[in-house]
Amino acid sequence: MKFSAKSEYALRALVDMTNYFGQGPIGVREIAARQGIPERFLEQQVTVLRKAGLVRSQRGAQGGVSLARDPESITVFEVIEALEGSPSEISCAGSYSTDCARNAQCAIQDLWCQVGRAVEHVLKGTTLRQLAMSQIHYDQALKPMYYI
């Protein structure tokens, strides 16, 4: 299963915002620079996330974006769903096409349904806070250790 770049970039930006939660808005330009995301592309994703109620935006000199809720209450599923639609909908010719003779009974369709439910379970069980904490551990592991 593969998610698009918009979901990848949006999640990276949201994890970045999680690290600054409660400190006020952050400029999209700053987030884009830190995360290596094209600024224009990120602005488009922020617009979608704002409409979904996941981020707030503020205009002006002190403006920027911030999470609309506590990062512990925002799941990865919500983010993916806002950007891509439901990630548990794995299409199969059997479920979306009248061309398939096995519409009602298909072992492969059953498999795709199980995969979809498993993906949904993992995404609903993962919050932005959890992703941010994992990222901190990865970042710390990359720092060189100096011994004297």
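Since every read-out is calculated from the coordinates, none of them should be taken as a lab result. Only a predicted model underlies this, so the values are computations on that prediction, with no experimental measurement involved. Note: ideal-geometry Cβ built from the backbone for every residue, glycine included; neighbour counts use all protein chains shown.
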Residues meeting the amide H criterion for G27 (H placed from the backbone, H to H distance under 5 Å, 5 or more places apart or on another chain) are V65
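Counting helices only, and only those DSSP H runs with n ≥ 4, report the 222 nm mean residue ellipticity of the chain as the sum of -39,500 (n - 2.57) divided by its residues, in deg cm²/dmol to the nearest 500.
Calculated at 222 nm, the ellipticity per residue is -17000 deg cm²/dmol.
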Quick one: which residues, 5+ away or cross-chain, put their amide H under 5 Å from the amide H of A68? H built at 1.01 Å from N.
-> V55, R56
By how many nm would the segment from Q35 to E8 lengthen if fully extended, with 0.36 nm per residue of separation less the alpha-carbon distance?
-> 8.6 nm
Checked against the positive end of the charge dipole of the chain (+1 on Cβ of Lys and Arg, -1 on Cβ of Asp and Glu, about the Cα centre), the farthest of T75, G24, Q105 is G24
